[in-house]
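No value in this document is a laboratory result; all are computed from the given coordinates. No experiment lies behind these values; they were computed from the predicted model shown. Cβ placement follows ideal geometry from the backbone for every residue including glycine, while neighbour counts extend to all protein chains displayed.
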Amino acid sequence: MLEVRNLSKTYDGVVALRNINLVIEKSEVVGIYGPNGSGKSTLLKIVSGFEKPTCGTVIFEGRDITNEKPYKIARMGILYSFQIPRLFTNLSVLDNLSLGLIRELGKFKAYEESLKILSELDLENLASKKAGELSQGEMKLLEVLKVLISKPKLLLLDEPFASLDSENVKKMLKILLKQRYTMVITAHRMKILKRIASRCLEIREGKIAKYEKIR
Amino acid sequence: MKDSQAILGLMVATVIFAPFILKLTLVFWIMNLAVVYSILVLSWIIMNKYTGYTSFAHSFPFGISAYLFALYGFLSIPVSCFISFVIFLILSKLNKEKFVFSTFILAIVFWMAVPYLTFNYDNIVVGGEEGLSLKSLPLMDSYLLSSSFLITSLFLLLFLEKTRVGLYLLAVGNDEVAAMGLGLNVNLIKSVCFVISSLIAVFSGVFYAVFFGHVSPDVFSVEVSLFPFIATILGQSYPVSVLISFALILSTRASVLVKYHLLLYASLLVVFPKLRRYAIARGAKFI
Amino acid sequence: MYTLGAYVAYLLSKDVITAIIVSGLVGFTAGIVLRYLIKFLSKNTIEATIVSLGFGISIEEILRMSLQTSYFLVVEVKETFLNIFGEKISILQLTQAGISLLFFILLFALFKSNYGLKLKFIEEDLELAELYGVDADKYIFSVITVTSFLISVSGCLLSTTQALSPLMGFPILICGIIVAALAVIFGGIGARLHINSILVSVTYSLLAGIVL
């Protein structure tokens with residue numbers, strides 16, 4: 001489904017990624033872990049179009065998307081969840097969730113779907129709250145839900161468990177385990193990834209240092 | 001449409017039609033001025049709310065359309081709109097903070113340069129510090145024209161916010177990167193907003209020109225640049241901002257405050273951030 | 001502040017030294033007021049800009065309302081001249097140039113000192129500087145009051161070169177923004193930025209003089 005070939009990225013002489021080669025099949029969940037600054041987020045940003053690689057290509061469903069704009073990549077079905085939540089702080093939680101669905105389902109159906117997902121997680125009380133008024137954990141949950149709800153072909157989750165307490169980590173795992181999407185998830189530690197990923201990669205200093213098949 | 005917004009919209013419509021009941025020329029005259037400035041305020045809010053860019057140069061499309069209308073008539077509308085759109089688009093390549101400064105510089109530069117601009121019109125030199133004269137519309141006609149434009153725009157914008165397009169616009173104005181990540185073509189949306197904002201500002205300049213029958217370099221003044229900013233002191237709700245525009249124009253033009261209106265605007269600018277935060281925290285649900 | 005300094009020069013034109021001192025004090029006081037307005041009313045750069053713009057326009061309006069006539073000229077200054085290499089240069093012009101040079105040197109020395117180092121930290125990241133124990137409030141206060149003092153004094157010194165009106169500060173404001181923006185483009189912080197600003201402003205003034 002996704003193929004990354006010889007991907008490298010350099011920022012002002014600092015090498016963030018070196019010759020990354022990666023293939024992700026449909027319905028696979030790939031976990032990427034590594035220390036801070038190893039290049040995990042950079043890889044996801046390049047795939048989602050928010051960064052351009054210094055060299056290399058990204059191919060999605062047979063199409064070269066290396067130089068595509070982020071919104072076009074999003075419309076193709078690759079959705080990226082930011083490490084630091086990027087929400088529409090002046091809009092309600094419901095609006096934030098519905099935005100990705102509106103084009104396909106129309107406004108009312110999109111709102112219905114959003115309310116449904118909030119009820120499943122016992123979060124209906126947040127529906128009319130402004131996203132800017134949420135707690136850190138709630139923002140993180142919303143950041144992931146915002147992309148999940150659109151049923152993407154490929155989901156890129158950048159540290160979805162970062163700054164979450166154990167209660168919210170459980171909620172997050174519950175959400176992710178329910179899905180059958182193709183996912184790439186980054187985290188600092190392998191322990192959490194092992195619970196959802198089918199295989200894990202360690203990135204160190206911009207290179208794939210270790211590869212482990214979990215399931 | 002949210003109940004509170006609809007009520008405010010109806011209040012605005014009532015205020016606009018009040019002069020027809022009162023039938024006082026002075027009231028008509030002041031209300032006409034208020035309507036023209038309110039249209040300018042609407043155009044400013046469109047840019048600020050849906051693109052996130054704060055402009056201090058809305059006097060530019062306002063003034064340039066007034067000047068060009070005085071010279072060339074209706075052709076000025078698409079030309080002024082195009083010029084304004086291009087300038088805003090170029091300046092939007094800067095970040096949002098630099099956009100504020102650069103639009104302010106643009107407004108001041110034009111304000112200073114326009115008194116030196118003269119035109120050869122029918123072998124007569126016109127313009128300069130005197131400005132340009134043109135045939136004005138009768139007060140009633142001018143008022144009907146501008147107030148129907150204002151009411152139509154106001155209700156269209158209130159309705160738009162409730163549609164999916166409105167949600168896209170609000171999303172882009174809030175966070176461009178997040179909007180891109182959800183598949184919105186942010187550059188296209190911003191361009192469309194710049195066009196609509198410029199067009200509405202251009203119309204307000206045209207209404208100003210036909211109302212007064214005279215256009216002077218003061219149409220580019222700092223006062224005009226800052227007015228929309230001050231009118232949105234309690235937030236970017238369309239009806240509230242229009243009501244505040246009316247209140248400002250009425251209070252400063254219809255009383256002893258005429259000589260001090262710029263000082264009033266300056267004081268409002270000073271308290272603006274605090275007042276805005278207070279209003280948003282206390283009154284957000286209603287506004 | 002520039003306009004305030006110029007008007008002080010007009011009102012005290014018979015005594016140049018007093019005019020310079022008074023304009024500096026007036027600027028300093030206005031700077032204190034501005035600092036507290038910004039501190040209590042704004043939370044970020046854009047809000048601070050708006051508050052200072054409102055403050056500036058208020059000063060302009062107060063001047064316009066209290067001194068009703070549009071334009072003033074400072075003409076009652078006794079000028080004596082020196083003959084330097086065949087060129088007649090007034091003592092006033094030399095004083096202006098001397099004071100400007102002194103300001104640049106003082107500011108440069110300031111940037112190279114401990115004070116300047118802390119200013120650089122604050123310029124880079126205010127919160128981080130505070131975490132490292134820098135009293136950002138004190139430094140911001142000093143910067144605003146000192147620059148208000150300087151701009152007011154420069155308004156006083158340059159008052160003889162132009163007609164005074166409440167709006168005379170706007171061209172200076174634009175020049176200042178353009179020069180600062182260009183200097184930032186050439187990079188650097190602290191002393192290097194200061195040197196860039198000097199070079200850009202001198203070049204800008206020369207070009208403006210030639211073109212206009």
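Projecting label points 7 angstrom from Cα along Cα→Cβ for B:His214 and B:Leu144 puts them 2.7 nm apart. Helix check for chain B. Which DSSP H runs span at least 18 Å along their own axis by Cα, with a mean Kyte-Doolittle hydropathy no less than -1.0? Result, helices passing both filters: B:3-22, B:25-51, B:59-72, B:76-91, B:96-113, B:139-160, B:186-212, B:238-253, B:261-283. Each of B:Tyr121, B:Tyr116 was scored by other Cβ atoms within 10 Å of its Cβ. Listed from fewest to most, they are B:Tyr116, B:Tyr121. Of the complete DSSP H runs in chain C, those spanning 27 angstrom or more by Cα along the long axis with a mean Kyte-Doolittle score not below 1.6 are C:16-41, C:91-112. Given N residues in the protein assembly as shown, what is Rg(Cα) / (2.2 N^0.38 Å)? Relative to the 2.2 N^0.38 Å estimate, the protein assembly as shown comes out at 1.11. Each of C:Leu94 and B:Leu134 was given a label point 7 Å from its Cα along the Cα-to-Cβ line. The distance between the two points is 5.8 nm. Taking amide H atoms as placed 1.01 Å from N in the peptide plane, list the residues 5 or more away in sequence, or in a different chain, whose amide H sits under 5 Å from that of A:Cys55. Placed amide hydrogens put A:Ser8 under 5 Å from A:Cys55. With R₀ set to 35 Å, the beta-carbon distance separating B:Ala6 from A:Glu133 gives a calculated FRET efficiency near 0.90. Taking amide H atoms as placed 1.01 Å from N in the peptide plane, the amide H of A:Ile196 has no partner under 5 Å among residues 5 or more positions away or on other chains.
Rg over Rh for chain B works out to 0.96, using Cα positions for both radii and the Kirkwood form for Rh. Taking each of A:Lys107/A:Lys151; A:Lys26/A:Lys210; A:Lys178/A:Lys213 in turn, the alpha-carbon distance tops 19 angstrom for A:Lys26/A:Lys210; A:Lys178/A:Lys213. Three principal axis extents of segment C:2-166 based on alpha-carbon atoms, in descending order, are 56, 43, 22 Å.
Per-residue Cβ neighbour counts within 10 Å put B:Tyr53, A:Tyr181 in the sequence A:Tyr181, B:Tyr53, beginning with the fewest. For segment B:1-45, the square roots a ≥ b ≥ c of the C-alpha gyration tensor eigenvalues yield an a/c of 1.5 or more together with a/b not exceeding b/c, which makes the shape oblate. The protection proxy used here, the mean number of other Cβ atoms lying within 10 Å of each residue, ranks peptides A:15-24, A:142-151, C:112-121 as follows, highest first: A:142-151, A:15-24, C:112-121.
Counting, for every residue in C:41-47, the Cβ atoms of other protein chains within 10 Å of its Cβ and taking the mean gives 4. Take the Cβ atoms of C:Leu206 and B:Lys259, set R0 to 45 Å, and the FRET efficiency comes out at 0.65.
Gain on full extension, evaluated as 0.36 nm per residue between A:Ala162 and A:Thr10 minus their Cα-Cα distance, stands at 52.2 nm. When peptides B:155-161, C:25-31 are ranked by their average number of other Cβ atoms within 10 Å per residue, the highest-first order is C:25-31, B:155-161.
Look at the stretch C:52-59: the mean tally of other chain Cβ atoms within 10 Å of its residues' Cβ atoms is 6.
Of all DSSP-defined beta bridges confined to the protein assembly as shown, some 65% are antiparallel rather than parallel. Bridging of B:Lys93 to aspartates and glutamates at a Cα separation below 19 Å is possible for A:Glu51, B:Asp175, B:Glu176, once same-chain residues fewer than 8 apart are set aside.
Just checking the output field for B:164-176: average partner chain Cβ neighbours within 10 Å of each residue's Cβ?
Mean partner shielding for this stretch: 4.
In terms of the mean number of neighbouring beta-carbon atoms within 10 Å, the peptides B:138-147, A:54-63 order highest first as B:138-147, A:54-63. Near the amide H of B:Tyr121, within less than 5 Å, lie the amide hydrogens of B:Val126, all on another chain or at least 5 residues away, with H placed in the peptide plane.
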